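The values are calculated or read from the model by the stated rules, or taken from the named source; none is laboratory data. The model shown is predicted, which means the values in this text are computed figures rather than measured ones. In this analysis, Cβ positions are derived from the backbone assuming ideal geometry, glycine residues included, and neighbour counts consider all displayed protein chains.
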Amino acid sequence: MTPKDIEALAHALQGQGISACEVHDKTHDIGFKLWLRAATPALQAHSTRSAESSEAAAAAAAPRWLRSPGMGRFAARHPLHESPAVTPGQRVEADQTVGYLLIGALVEKITASHAAVLGRQLVEEGELVGYGDAIFQIG
């Protein structure tokens, strides 16, 4: 499969409202997720506010999601452990493991970028995620 083939497939999928795809043939295993971003109300509000509310704007601009550092299948627990790395509602510290990306035989940690309280898990176990996809809501 060539890059042109992948581009044509992505364009065709986007036109049909499909957001994720996996392609398997004798030599390739390709998975990708189309990500359409829209401005959030917090960011829209931030762009129209004056300097008088800089503290509120800073809070609104703070990250609200913990995002995937790469592409793979999401796992809440390490394949060799029985319990998930974290649970919603738990406080996590910066660099704490919150889940895993499974990429073939490779297991990559997903870590918190900063201290926060985890909200709801946004992806299912085994779901294909792409770079920057939201994994957890955080507060």
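Within the group 105, 75, 115, which residue is out of contact with any strand residue (DSSP E or B) (no Cβ under 9 Å at 6 or more places or on another chain) and among the small types (Gly, Ala, Ser)? Write out each step before concluding.
Working: 75 fails: out of contact with any strand residue (DSSP E or B) (no Cβ under 9 Å at 6 or more places or on another chain); 115 fails: out of contact with any strand residue (DSSP E or B) (no Cβ under 9 Å at 6 or more places or on another chain).
Residue meeting the stated conditions: 105.
Give the residues of region 105-138 that are of a type in the set (Gly, Ala, Ser) and in contact (Cβ under 8 Å) with a residue 40 or more places away in the chain, sorted by residue number.
Initial filter on region 105-138 (of a type in the set (Gly, Ala, Ser)): 105, 112-113, 115-116, 119, 126, 130, 132, 134.
Of everything in region 105-138, those that are of a type in the set (Gly, Ala, Ser) and in contact (Cβ under 8 Å) with a residue 40 or more places away in the chain turn out to be 112, 113, 116, 126, 130, 132, 134.
Residue check, residue 106 against (1) hydrophobic (A, V, I, L, M, F, W, C); (2) within 14 Å of residue 64 (Cα to Cα); (3) loosely packed, with under 12 Cβ neighbours inside 10 Å, all met but one. Which one?
Exception for residue 106: condition (2).
Hey, can you tell me all the residues within region 114-139 that are closer than 18 Å to residue 90 by Cα and surrounded by 14 or more Cβ atoms within 10 Å (Cβ to Cβ)?
116, 118, 119, 121, 122, 123, 134, 135, 136, 137, 138
Being modelled with pLDDT of 90 or more and not β-branched (Val, Ile, Thr) is true for just one of 132, 126. Which residue is that?
Working: 132 fails: modelled with pLDDT of 90 or more.
Every option except 126 fails the conditions.
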